[in-house]
Amino acid sequence: MDSEQLREYGHRMVDFIADYYKTIESFPVLSQVQPGYLHNLLPDTAPDHPETVEQVLDDVKTKIFPGVTHWQSPNFFAYYPSNSSVAGFLGEMLSAGLGIVGFSWVTSPAATELEMIVLDWLAKLLNLPKQFLSKGKGGGVIQGSASEAVLVVMIAARDKVLRSIGKNALGKLVVYSSDQTHSALQKACQIAGIHQENCRVLEADSSTNYALRPELLQEAVSRDLEAGLIPFFLCGNVGTTSSTAVDPLAALGKIAKRNEMWFHVDAAYAGSACICPEYRQYIDGVETADSFNMNAHKWFLTNFDCSLLWVKDQYALTEALSANPEFLKNKASQANLVVDYKDWQIPLGRRFRSLKIWMVLRLYGAETLKNYIRNHIKLAKVFEQLVSQDPDFEVITPRIFALVCFRMVPVDNDEKKCNGRNLELLEAVNSSGKLFISHTALSGRIVLRCAIGAPLTEEKHVKETWKVIQEKASYLLRKLDMKYVNFWGPPPIAIT
């Protein structure tokens, strides 16, 4: 790498990205291209000779951008946010520039030790129990996603049980969660060899705002024990994907402990909010958990990927995931003087991701981050109020954080047609290019989701989004009225 060429190209790239952010609202939020569009625009083979940066960036503008959904747009309200920031971007740039592969301490001591330090910082901001800190038997590690986090702790829990009762008992192991738990848990079960018939997906409903009922869990566990099965893993949620439901961690944790199950808490989205003292209550009971996960890349101004996982027993991870061929052996590792994060994850290689979260914490500070989250929650309250004031709409679940679940109300109590109408509204809103929202299903009802959390979103964007939704809904309702008139004919004329 030529340093002067890097300086020249780096300046151009930073200018290009800065200009992108400056004009981001001019793009359709959701890409409107058709499948396969890019195959018609790019050549079939790689170039034989070098091209210029200008040529490449021109192609980004004319060929790549049309196929980009703009996650950092202030009008992006789908799924959950995936935050980018100046600090996160700089950390990513620094990590790429250093180009290290920090799988063990000796490969770059700073990479390992900085990760331990910043994970401890975050654990203290969240007021996690001391057992999750690196000073003792526990500690934190950065995974690529919450999907990886739940997989590694499930493997750790599986092997911990099988070491004591024998590997032939794999077919008896049972996993528990609510039906609101992310599909990543199902995938983890498939990879970890847990039989599908041993995955207990327990129904949650509106009576608990879609939180898992402890008595339902206890009943399922008791039935499995009577059948000779082995309950071994429970996943609780703080901020489910569909509706930000919060499971009662303390009550679930007691059941898990009583039955010697590994208790994992998935707070991928809402964990960030819990650095605010007024929202810390939502992880009360985390002291009963064996592992806890939140995604800094969702709502913590840290560029993807940066999923934070804490465990109380690092030995459970390393026993399940260690591999130490001769070519990786070194004095520090052999003497058990250091942490080797290769043994806390699925792959061997790993990037210097802690630089991103370190830069975010240092350049913004904890108080700025708390206020950043509070502002999004405030904006969500504004949107919730707008929905509540319109008789054609209803809020479906109580808003806890910065997600509002809502829908057009059914006409004549016809839920099936109501579901279709809300999907029509979703399509109409998103195809406008002005904003992007997503949907889910709760108790058989199609529900629209407005998740506020993009760094550039302001109150004006929230109000404009609601205006677009109302306009599209009004059009659909007028169409419905026209169908009614066409079916029944014009109203009778009064004779005087």
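Sub-7 Å Cβ pairs linking a first residue in the range 364-377 that is at pLDDT 95 or above to a second residue that is surrounded by 13 or more Cβ atoms within 10 Å (Cβ to Cβ) and part of a helix (DSSP H, G or I), at least 6 apart or interchain, are Y364/A87; A366/L125; A366/I275; L369/I275; K370/I275; I373/S272; I373/A273; I373/W299, ordered by first then second residue. Applying the condition of being farther than 24 Å from S388 by Cβ and surrounded by fewer than 15 Cβ atoms within 10 Å (Cβ to Cβ) to the range 451-480 and asking which residue is modelled with the lowest pLDDT yields K479. Restricting attention to the range 65-74, which residues are outside any helix (DSSP H, G or I) and either in contact with a helix residue (DSSP H, G or I) (Cβ under 7 Å, 6 or more places away or on another chain) or loosely packed, with under 12 Cβ neighbours inside 10 Å (or both)? Within the range 65-74, H70, Q72, S73, P74 meet the criteria.
Applying the selection to the range 102-135, what residues are surrounded by fewer than 16 Cβ atoms within 10 Å (Cβ to Cβ) and touching a Lys or Arg at 6+ places or on another chain (Cβ under 7 Å)? Correct list: N127 only.
Residues S85, S104: which one is hydroxyl-bearing (S, T, Y), under 25 Å from V14 (Cα atoms) and touching a Ser or Thr at 6+ places or on another chain (Cβ under 9 Å)?
S85
Within the range 154-200, count every residue that is more than 20 Å from the chain's Cα centre (by Cα), open to solvent by 20 Å² or more (accessible area, probe 1.4 Å) and within 12 Å of C235 (Cα to Cα). Adding up the residues that qualify gives 2.
Flag not set for A211, criterion: within 24 Å of A441 (Cβ to Cβ), more than 25 Å from the chain's Cα centre (by Cα) and either open to solvent by 40 Å² or more (accessible area, probe 1.4 Å) or at pLDDT 95 or above (or both). Taking the condition touching a Phe, Trp or Tyr at 6+ places or on another chain (Cβ under 8 Å), buried (at least 24 other Cβ atoms within 10 Å of the Cβ), under 22 Å from R163 (Cα atoms) and without any contact (Cβ under 8 Å) to a residue 60 or more places away in the chain, does A289 pass? In short, yes. Screening S104, S177, S108 for residues that are under 20 Å from T241 (Cα atoms) and of a type in the set (G, A, S) leaves exactly one candidate, S177. Within the range 50-64, identify whether any single residue is outside any helix (DSSP H, G or I), among the hydrophobic types (A, V, I, L, M, F, W, C), open to solvent by less than 80 Å² (accessible area, probe 1.4 Å) and over 30 Å from A296 (Cα atoms), and answer yes or no. No, the conditions are met nowhere in the range 50-64. Which numbered condition trips up Q218, out of (1) in contact with a strand residue (DSSP E or B) (Cβ under 9 Å, 6 or more places away or on another chain); (2) farther than 19 Å from S147 by Cα? Of the numbered conditions (1) in contact with a strand residue (DSSP E or B) (Cβ under 9 Å, 6 or more places away or on another chain); (2) farther than 19 Å from S147 by Cα, the odd one out for Q218 is (1).
The values are calculated or read from the model by the stated rules, or taken from the named source; none is laboratory data. None of the values given here were measured: they were computed from a predicted structure. Reconstructed Cβ throughout: ideal geometry from the backbone, glycine too, with neighbour counts over all protein chains shown. The accessibility values were calculated without ligands, DNA or RNA, using every heavy atom of the protein model including side chains. Shrake-Rupley method; radii C 1.70, N 1.55, O 1.52, S 1.80 Å.
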